[in-house]
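Following: one structure in structure tokens, then a few remarks.
The values are calculated or read from the model by the stated rules, or taken from the named source; none is laboratory data. In this text the structure is predicted, and so the values were computed from the model without any measurement. In this analysis, Cβ positions are derived from the backbone assuming ideal geometry, glycine residues included, and neighbour counts consider all displayed protein chains. Accessible surface is based on the protein model in full, side chains and every heavy atom, while ligands, DNA and RNA are left aside. Shrake-Rupley method; radii C 1.70, N 1.55, O 1.52, S 1.80 Å.
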Number of protein chains: 2
Amino acid sequence: MRRAAGSLESLRDLMPAFTVFIGTTRTSTIPGITIAGPSPEATLYTPALDVEYLVIGRPVTLNVIPVTPDGIPTPALLSRAALGALKIPVIIVETGSHIKPKIPLVALPSATPGEAINSGRALPRGTARALFEEARLLGLMLGGSLDFVVGESIPAGTTTAMAIMEALGIAAKGRVSSSGPSNPHRLKEMVVNEGIAKAGIERGKSDVFDVIDAVGDPVHISVAGFVAGAVERGSRIVLAGGTQMCSVLAILKRLNVNTSKLIVATTRWIVEDSSSDMLGLVKEISPETQVVASTVSFEGSAYRGLRAYEQGYVKEGVGAGGLLSLLQARGFDEKAIREIVEKEYERLVRGGLSI
Amino acid sequence: MRRAAGSLESLRDLMPAFTVFIGTTRTSTIPGITIAGPSPEATLYTPALDVEYLVIGRPVTLNVIPVTPDGIPTPALLSRAALGALKIPVIIVETGSHIKPKIPLVALPSATPGEAINSGRALPRGTARALFEEARLLGLMLGGSLDFVVGESIPAGTTTAMAIMEALGIAAKGRVSSSGPSNPHRLKEMVVNEGIAKAGIERGKSDVFDVIDAVGDPVHISVAGFVAGAVERGSRIVLAGGTQMCSVLAILKRLNVNTSKLIVATTRWIVEDSSSDMLGLVKEISPETQVVASTVSFEGSAYRGLRAYEQGYVKEGVGAGGLLSLLQARGFDEKAIREIVEKEYERLVRGGLSI
């Protein structure tokens, strides 16, 4: 963990529920843009399989755990292992997915999956504002006595997050993370520029909701709305994610929501990633927001799928970094956490689930 | 409050969220069976309007607060007033409604509105088991550190509850409550008997899920599933409702779920109702389950719509009794509660919402 990341102590006295915001965008089917699924089209299944596996222990829609093309398992593996020890409420929020998970979830009335952002028409006009307001209402309904660790699952989410930041006037080019060890910065930049140009967006000048409708996705605006509502009720919020959460901060700042009590909690794989700039982005967008990171390593793990996390695969997602950080804050040491995760990995392998 | 109802003390140290299970059944459109809406067809709108009003302060689907044909307001008025003081999380669970509320809610994947139970085919075959399992999963997801006050909104719910109990072999004839001051026992009995006969149910001998598919509704089986899951996780549960909750207890007993730590919390209007037998039903079905009731009265209220509650209108619904009981357990006295409710009533009248 770098010097600039804060102390995990700040998470210790939270009374959290874990909320996962899921959605899909056809951006993830652009070949080469993400490895959050075994093939470009299969990425549209990843959020549904992620959350089904997260809460039931096995996916329902298809009998496979989401993996990269190389067979590296979804970060939901870390999240599920952590939840088993944390024993906190789990709430799934569906903001717009091509494939709907077959489990109980909170559906936002305006939930709509996104088109590829290089079209400049990611969402039907007015969707971003509707999702923000509906998610804000959810934050008001759930907020108050409960705190929240807020995770996400949206393949190509770093690309849409980059588009949102660039359109809002933040230099995000070459600074967002990636699910793979080699970050396709050039491709992301092309896709983002094409969308911004087609939509006629003036960087830093367009309305935030227009920006999301043009080059955003359903997830990040919904997370922002939820945070706005829950903060209004006095809840403490942990944004559990990587550079994607920087786009949430950017939206919140533009809407004048107080971000000083938010904490971003992620993994060391994000904070130490030389192909992206999490800490720099947060510092520029919302210097008052604290960033913390789990220090867990799988360097010496017996399992190839877990060692791969140390080689830059996956890095973050489904709130993994936030939940690992919360475990550490509650006194689980790195060894105990590794054992919890390896036990879950073994369960999957023994269960014959293809990972 | 009768001697037989327990002490409100038992609610004091709960850490609850309020969950409302909503659904509709065409049973409520049988003329004369319920006054939970201004007309038989309008009762299908009542749950949607109830929960929209509950969380936003005004209905969205239509600009009217649900009322009886005489203009007596929905018990959601009491629930909203109580929630304003309790400040606890609110979660709406959609189990099958003809009209979907326009707010964020948990949708069960198999949610299906019910047909009239005198058809003997209330739900598509297999729905009851699916709803039970999905709601149980929701209980497992949310349960543990949180406790739950569980309310319902389903017009004609006392009739479907009676059908469930009768089909399970419990003598419920003439013992369920009603939303009106004169309880249409004969009509309910006719409808229930017709459904049971058409479905070929042997009272007390048929499978519990077959019973619900034949003469039940989506709400009661879902509440039972949720309770089963949350109890499994160690949550404490308050069943916030009237005689309908007796059918939930009956389902749970048949499925061997431990009901000894459940509390049923309702209003004095239910416990003191001479046209029904709440305490007797609970004693027969699950003697180990405690019943408590709020003691609040609107006898001397300046408002006709609230005084009507003392004349046997409405009586219970949308968790009203449980939330009023919780307020009392937390030290609000009857006068303070009356003031909170009257303030909400005034807000509605001033806002021009037709009640």
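For the protein assembly as shown, compute the orientation-averaged projected area of the C-alpha convex hull (one quarter of its surface), in nm².
Numbers: hull surface 114.8 nm².
So the mean shadow area of the Cα hull is 28.7 nm².
Report the charge-dipole magnitude of segment B:162-208 in Debye, nearest 20, computed about the Cα centre from +1 at each Lys and Arg Cβ and -1 at each Asp and Glu Cβ.
About 140 debye.
Where the accessible area of chain B is counted over protein heavy atoms with a 1.4 Å probe, how much of it, in %, is carbon and sulfur?
On the way: 5920 of 11940 Å².
Carbon and sulfur together cover 50 percent of it.
Antiparallel versus total DSSP beta bridges in the protein assembly as shown: what percent is that, nearest 5?
10 percent
Let me know the shape class of segment A:30-168, please: from the alpha-carbon gyration tensor, a ≥ b ≥ c as square roots of the eigenvalues, rounded when a/c is under 1.5, otherwise prolate if a/b is greater than b/c, or oblate.
Oblate.
Take the Cα atoms of segment A:166-247, find their three principal axes, and give me the spread along each one in whole Å, biggest first.
41, 33, 19
Put a label point 7 Å from Cα along the Cβ direction on A:Ala336, then list its distances to the equivalent points in the other copies in nm, shortest first.
Once sorted, the set of distances for A:Ala336 reads 4.0 nm.
Which is the longest part of chain B that has none of the trypsin sites (Lys or Arg not before Pro) sitting in a DSSP loop with at most 12 other Cβ atoms within 10 Å?
On the way: sites that count: B:Arg2, B:Arg3, B:Arg12, B:Lys87, B:Arg125, B:Lys205.
Between exposed loop sites, the widest span is B:206-355.
Roughly speaking, what % of Cα-Cα pairs in segment A:33-110 are separated by over 16 Å, rounded to a whole number?
50 percent
Could you check the simple spin-label distance between B:Arg350 and A:Asp333, using points 7 Å along Cα→Cβ, in nm with one decimal?
Here the answer is 6.1 nm between the modelled labels.
Roughly how many Å is it from the Cα centre of segment A:188-204 to that of segment A:97-150, as a whole number?
23 Å
Amide H to amide H under 5 Å from B:Ile91: which residues, 5+ apart in sequence or cross-chain, H placed 1.01 Å off N in plane?
Those qualifying (amide H under 5 Å, at least 5 residues apart or on another chain) are B:Phe18, B:Thr19, B:Val20.
What number results when the radius of gyration of segment A:209-355, computed over Cα atoms, is divided by 2.2 N^0.38 Å?
The reported ratio for this selection is 1.15.
What's the local net charge at A:Val257, with K and R +1, D and E -1, over the other residues with C-beta under 10 Å away?
Its environment carries a net charge of +2.
Over segment B:256-312, what is the relative contact order in percent, taking alpha-carbon pairs closer than 8 angstrom and at least six residues apart? Before the final figure, lay out each step's value.
Numbers: 59 pairs, mean separation 22.5, N = 57.
Answer for segment B:256-312 is 39 percent.
What are the ³J(HN,Hα) values, in whole Hz, obtained from phi via the Karplus relation 6.51 cos²θ - 1.76 cosθ + 1.60 with θ = phi - 60°, for each residue of segment A:242-255 in sequence order, with x given for Gly and Pro?
Each residue's phi maps through the Karplus curve to give x, 4, 4, 5, 5, 5, 5, 4, 4, 5, 4, 4, 5, 9 Hz.
Under the classification rounded if a/c is under 1.5, otherwise prolate if a/b is larger than b/c and oblate if not, where does chain A fall, given a ≥ b ≥ c as square roots of the Cα gyration tensor eigenvalues? Don't skip to the answer; put the middle values down first.
On the way: a/c = 1.38, a/b = 1.22, b/c = 1.13.
Rounded.
With a sphere of radius 12 Å drawn around the Cβ of B:Lys315, what net charge do the other residues whose Cβ falls strictly inside it have (Lys, Arg +1; Asp, Glu -1)?
Once positives and negatives cancel, what remains is -3.
Whole Å is fine, so just give me how far the alpha carbon centre of segment B:290-337 lies from that of segment A:1-79.
Segment B:290-337 and segment A:1-79 have Cα centres spaced 46 Å from each other.
Put the label 7 Å from Cα along Cα→Cβ for B:Arg233; what are its distances to the other copies, in nanometres, shortest first?
Relative to the other copies, B:Arg233 has label-point distances of 1.6 nm.
Stick to Cα atoms and the Kirkwood definition of Rh, then tell me Rg/Rh for segment B:115-158.
1.08
Quick one: work out the % antiparallel among DSSP beta bridges in segment A:1-146, nearest 5. Could you put the intermediate results ahead of the total?
Numbers: 1 of 10 bridges.
The answer is about 10 percent antiparallel.
Taking the label point as lying 7 angstrom from Cα along the Cα-to-Cβ axis, what are the distances from B:Glu202 to the corresponding position in the remaining copies, in ascending order and in nanometres?
Taking the point 7 Å beyond Cα along Cα→Cβ, the inter-copy spacings are 8.0 nm.
Ratio of alpha-carbon Rg to the 2.2 N^0.38 Å globular estimate for segment B:3-44, to two decimals, please.
Details: Rg = 17.1 Å, N = 42, 2.2 N^0.38 = 9.1 Å.
Scaled against compact globular proteins, the figure is 1.88.
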